[in-house]
1. Any chance segment 375-387 includes a residue that's in a strand (DSSP E or B) and surrounded by fewer than 19 Cβ atoms within 10 Å (Cβ to Cβ)?
2. At pLDDT 95 or above, part of a strand (DSSP E or B) and surrounded by fewer than 17 Cβ atoms within 10 Å (Cβ to Cβ): does that describe Ala440?
3. Under the condition of being small (Gly, Ala, Ser) and either touching a helix residue (DSSP H, G or I) at 6+ places or on another chain (Cβ under 6 Å) or modelled with pLDDT under 90 (or both), which residue from segment 171-193 is surrounded by the most Cβ atoms within 10 Å (Cβ to Cβ)?
4. Mind listing just one residue for me: the one in segment 142-166 that is of a type in the set (D, E, K, R) and not in a loop (DSSP other than H, G, I, E, B) and, of those, surrounded by the most Cβ atoms within 10 Å (Cβ to Cβ)?
5. Return the residues of segment 389-434 that are acidic (Asp, Glu), more than 16 Å from Gln543 (Cα to Cα) and in contact with a strand residue (DSSP E or B) (Cβ under 9 Å, 6 or more places away or on another chain); say none if nothing qualifies.
6. Among the residues of segment 499-515, is there at least one that is under 23 Å from Gly423 (Cα atoms), within 31 Å of the chain's Cα centre (by Cα), part of a strand (DSSP E or B) and assigned by TED's automatic domain parsing to the domain that holds Ala440?
7. Among the residues of segment 475-491 satisfying the criterion of being surrounded by 12 or more Cβ atoms within 10 Å (Cβ to Cβ) and not polar (S, T, N, Q), which is nearest to Ala541 (Cα to Cα)?
Amino acid sequence: MMTLPSILGSRRDLLGAITAAPLAALPGDARSANDREVAATVAIDHLTPEQFGAVGDGVADDAPAIQRALAAAAARPRAATVILQPRVAYRCGSGLTLDATRVSLWGNALLDFSGWSGRYLRVDASSVGVPGRDAANNYGHRGMISGMIRIVGAGWDTASTGVEFSSGAIATSAQLLIENLSVAHCGIGLRFGSRGYNNVLVRCDVFQCGVCVDWPEADDNGERNTLIGCTLFNSVLAARVTASNAWLHLLSCSLDYTEQLFDVRSGHVLATGCNIESNRWKDRPIRCSGDGGVIRLDGGVMVNQVELTKPTITHFVDVGKGARVEFGAVFASSLPLRAQDPSLPPTWAIGAGEFDVERTQCFELSLLPPRLHAGRTCLSDPDFASERWEDVIWRIADTAGPAGGRLGRPDSNLRLAKGAVAGVRGLIATKAGASGTLAALALITLPVRPGDIVLSGFRVRRDPGRAGRDGTVFVSPSWIRIDGQDDQHVPIVVRQDVIGTQALEPPTDRMLPVWPLHARSQRRAPAWATHFCMVVDLSKADQASFLFNGLWADTI
């Protein structure tokens, strides 16, 4: 028979006595001997630091006691759990090691490491399986960290690491599930070291750190680590990856108010459905410099919390040779960039690597940067440096009619030719007639697919040697459908939808950058359109010549 204490002060005492008593003694218990043995050891396999000498007053050094509890749990024949007591501050003067193969850490407490710098919590894997329980491989039952455990370090500018996942045993990996953990005031919040892969962190916070997530090159630390619904904020850098075979997955995470987002020197970062915002971004907050490095943002929202008229950065992405950065269906807002040269448009990316954007759009009244990459465009000869005509350019309208083909003749009202003005080479468009006579050209023509968004623009200058009486230029980006060409080799436009018209007067002393397509509305190509066309109308100009160069067109 089970014997209960003679005095039970409360219902809790009664329940505690029942749980702590050997359940095998209950009459009529039909469970197997093994099941009864497991139930009888439940209380034994839940340990507390206080059982090993912890004080929990926030003053005494409790790290040795906590480590003794973790070691005792790891020594049990079955998985054991160390429970940190609710609302207790454990002062820790040395680091802790958790065996992810055998131990779980639960609780609602503070682990205060603020008095020193170093590695605070190391997540290890002791073996490839627990004898008698798991197969001899790298899989099987694993421990976890859960509850509301907080780790506080010595400061973001110190040589401190909040949690390091690393294992010294060959053919193992940490493979830990961590829930609702917060790490703050550390030089590095989370670090994935040797064999520190296949970890999953859910609803964790890392803040006020130098680097929130660090994945360096180390022994056998490729594969993946996944953060789900985590928040990386108020820090210098959200994530740094230098391991060549690393895959860092960020799913529905928040990356808020960091100075930089990613620094990938090798390896891969995949951010899906994340909220990204800051008013503290330094120049080039996304950096991918390693050969083979990849950063991809899929979906999510990206907001620069600064005034549109006061841009703070010159480029958003720095992508090195052999590296690649991709945005897919990102909803962007307020990404103003500061142009280093007033005659050139600001660009999203610099560097010798690849930067691709697809199905990305901005909020109403917000603007996207007008150009993707300074060194790349879908056009073949944007500065008209080639002797041949490599891009599709033609006269759309001329008082003299189609005579003269694409470029016109000496007697045409509009003549197109390659040349230079004040030593600057480009396309020279000459309007011979007075104001009101027809003269228009298709300056940029780009094939599109249904749903494509186009970013496009050019530079223009009025020729001071032929300024004319009026230098007005109308710019009308349009969607068009081309069906063949006429006998003059001029494309036949059977349908046109003008997106909008912008009037400007190019100066005679400098090149003027023009990009009418970085507003949100009416940028997506309709299904019927075969091409995007930048139409330049010189009908109002009066006997003036214009120089065009620096053309670009990108589809996103």
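The values are calculated or read from the model by the stated rules, or taken from the named source; none is laboratory data. Values in this document were obtained by computation on a predicted structure and should not be read as measured data. As a convention, Cβ positions derive from the backbone with ideal geometry for all residues, glycine included, and neighbour counts pool all protein chains shown.
1. Scanning segment 375-387 turns up at least one residue that is in a strand (DSSP E or B) and surrounded by fewer than 19 Cβ atoms within 10 Å (Cβ to Cβ).
2. no
3. Ala174
4. Here the answer is Glu164.
5. Matches in segment 389-434: Asp391 only.
6. Checked against the condition, which is being under 23 Å from Gly423 (Cα atoms), within 31 Å of the chain's Cα centre (by Cα), part of a strand (DSSP E or B) and assigned by TED's automatic domain parsing to the domain that holds Ala440, segment 499-515 yields at least one hit.
7. Val475
Yes/no matrix, rows are residues, columns are (1) surrounded by fewer than 18 Cβ atoms within 10 Å (Cβ to Cβ); (2) in the same structural domain as Val206 (by TED's automatic domain parsing); (3) within 22 Å of Thr555 (Cα to Cα); (4) touching a His at 6+ places or on another chain (Cβ under 8 Å):
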position	(1), (2), (3), (4)
Ser266	no, no, no, no
Asp283	yes, no, no, yes
Pro311	yes, no, no, no
Asp318	no, no, yes, no
Ser334	no, no, yes, no
Ile350	no, no, yes, yes
